Amino acid sequence: MKNFTHIQSKLPYSKPFLFVDELHAVTENGIEGSYTFPADSFFYKGHFKDKPVTPGAILTEVMAQIGVVCLGIFLLNDSLTANTEIAMTSTQIDFYKPVFPTETVTVRSVKEYFRFNKLKCRVEMVNTSGELVCRGTISGMMKANNHA
């Protein structure tokens, strides 16, 4: 089993668009990780004047990075290369609670399938009180690009 730092080092993102602070558990069937939203994050400027709220697109991205990309990196294991292409193919997310600056969220993802380079997961996000923030499904493609 690869350690979680190895998985995080393979993520194709950097600040300010890296939304994975910590991975808590990873198996071939799912993953759990968390992220804390810094108060000075770029997307809070103007997203609700005087009362910043994390945009739903960013919440979806957090779930995609932890719940699909990190899990996909784990599942691809040694076949992952610098030429591996990663792309989100579909999302269906329902939102229930807002997330504010400095809040920490936990993402839990369960693999529905991983075949023909497509990974589909059921994902959910909870806040530190254990309240459901959002949930749904996210799918992505991960494949080696041998033409690079």
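List of remarks:
- Filtered by the rule that a residue be hydrophobic (A, V, I, L, M, F, W, C), surrounded by fewer than 16 Cβ atoms within 10 Å (Cβ to Cβ) and either free of Cβ contacts under 8 Å to residues at least 60 places away in the same chain or in a strand (DSSP E or B) (or both), the stretch 91-102 gives a lone residue, Phe95.
- Qualifying residue in the stretch 58-79 (condition: assigned to a strand (DSSP E or B) and open to solvent by less than 10 Å² (accessible area, probe 1.4 Å)): no
- Given (1) modelled with pLDDT of 95 or more; (2) in contact with a helix residue (DSSP H, G or I) (Cβ under 8 Å, 6 or more places away or on another chain); (3) more than 19 Å from Ile86 (Cα to Cα), number of the condition Lys2 does not satisfy: (1)
- Selection from the stretch 103-120 of residues that are over 21 Å from Tyr13 (Cβ atoms) and not in a strand (DSSP E or B): Phe116
- Residues (open to solvent by 60 Å² or more (accessible area, probe 1.4 Å) and either acidic (Asp, Glu) or out of contact with any Asp or Glu (no Cβ under 8 Å at 6 or more places or on another chain) (or both)) located in the stretch 126-145: Ser129, Glu131
- Condition broken by Thr137, with the remaining ones in (1) part of a strand (DSSP E or B); (2) closer than 20 Å to His24 by Cα; (3) free of Cβ contacts under 8 Å to residues at least 60 places away in the same chain satisfied: (2)
- Note on the stretch 20-40: residues that are in a loop (DSSP other than H, G, I, E, B) and in contact with a strand residue (DSSP E or B) (Cβ under 8 Å, 6 or more places away or on another chain) total 5.
- With respect to the stated conditions, Val123 is closer than 21 Å to Asp21 by Cα and either in a strand (DSSP E or B) or charged (D, E, K, R) (or both).
- Identity of the residue in the stretch 41-57, assigned to a helix (DSSP H, G or I) and within 17 Å of Ser14 (Cβ to Cβ), that ends up most open to solvent (accessible area, probe 1.4 Å): Phe42
- Scanning the stretch 103-123 for residues that are free of Cβ contacts under 8 Å to residues at least 60 places away in the same chain and not basic (Lys, Arg) yields a total of 6.
- Sole exception among (1) surrounded by fewer than 16 Cβ atoms within 10 Å (Cβ to Cβ); (2) over 23 Å from Phe42 (Cβ atoms) for Met88, by number: (2)
- Scope the stretch 22-36; condition touching a residue at least 24 places away in the same chain (Cβ under 8 Å), over 23 Å from Arg115 (Cα atoms) and open to solvent by 60 Å² or more (accessible area, probe 1.4 Å); matching residues: His24
The values are calculated or read from the model by the stated rules, or taken from the named source; none is laboratory data. Only a predicted model underlies this, so the values are computations on that prediction, with no experimental measurement involved. Here the Cβ is made from the backbone with ideal geometry for all residues, glycine too, and neighbour counts use every protein chain on show. We work out accessible area using only protein heavy atoms, side chains counted, and drop any ligands, DNA or RNA first. Shrake-Rupley method; radii C 1.70, N 1.55, O 1.52, S 1.80 Å.
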